[in-house]
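Before I ask anything, here is the structure I am working with.
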Amino acid sequence: QVQLVESGGGLAQTGGSLRLSCAASGRTLSSYTIAWFRQAPGKEREFVAAIKWSDGNTYYRDSVKGRFTISRDVGPNTVYLQMNSLKPEDTAVYYCAASSAYGENRRDVWYDYWGQGTQVTVSS
């Protein structure tokens, strides 16, 4: 089992910044990929960014490249999502998730463990 707890959501203005945190506990994370997904009202959940815990390899959805940065801190077993140049279309509930599947996992079906989500609202 892997337990994930998100924090850091809130309200930001267009062009502003927020940093989300995902604290992981339970199993060792060396074989996991940790990702951020988001779901806006009335829309499907979508992949945002992911990091492979073992080597720090990262990948992003196109619409956040250059604005969002995913990183990890091995000591406290925490993954961060630094979000800069925020846009109203970034408004969503953001979820942290963990996958033990091999490869670049952008679909939520590959993720076994999920946090409770944190709301991000960007005002225009």
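The values are calculated or read from the model by the stated rules, or taken from the named source; none is laboratory data. Just so it is clear, the model here is predicted, and its values are computed rather than measured. Neighbour counts run over all protein chains shown; Cβ positions are idealised from the backbone, glycine included. Please note that ligands, DNA and RNA were not included when accessible areas were found on the heavy atoms of the full protein model with its side chains. Shrake-Rupley method; radii C 1.70, N 1.55, O 1.52, S 1.80 Å.
Residue by residue, here is whether (1) more than 23 Å from Gln13 (Cα to Cα); (2) surrounded by 15 or more Cβ atoms within 10 Å (Cβ to Cβ); (3) among the aromatic types (Phe, Trp, Tyr); (4) in contact with a Leu (Cβ under 8 Å, 6 or more places away or on another chain) holds:
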{"position": "Thr69", "(1), (2), (3), (4)": "no, yes, no, yes"}
{"position": "Thr78", "(1), (2), (3), (4)": "yes, yes, no, no"}
{"position": "Leu81", "(1), (2), (3), (4)": "no, yes, no, yes"}
{"position": "Glu89", "(1), (2), (3), (4)": "no, no, no, no"}
{"position": "Ala92", "(1), (2), (3), (4)": "no, yes, no, no"}
{"position": "Gly103", "(1), (2), (3), (4)": "yes, no, no, no"}
{"position": "Val109", "(1), (2), (3), (4)": "yes, no, no, no"}
{"position": "Tyr113", "(1), (2), (3), (4)": "yes, yes, yes, yes"}
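Let me ask something else about it. Which count do you get for residues in segment 1-36 that are at pLDDT 95 or above and open to solvent by 70 Å² or more (accessible area, probe 1.4 Å)?
Result for segment 1-36: 6.
Now, a different point. For the subset of segment 37-64 comprising residues that are polar (S, T, N, Q) and under 13 Å from Asn105 (Cβ atoms), which member is surrounded by the most Cβ atoms within 10 Å (Cβ to Cβ)?
If we take residues in segment 37-64 being polar (S, T, N, Q) and under 13 Å from Asn105 (Cβ atoms), then Thr58 is surrounded by the most Cβ atoms within 10 Å (Cβ to Cβ).
Give me the pairs: first residue in segment 1-26 and on the phi < 0 side of the Ramachandran plot, second residue part of a loop (DSSP other than H, G, I, E, B) and among the aliphatic types (A, V, I, L, M), beta-carbon distance under 6 Å, and six or more apart or on different chains, which are they?
Hits for this filter: Ala12/Leu86; Gly16/Leu86.
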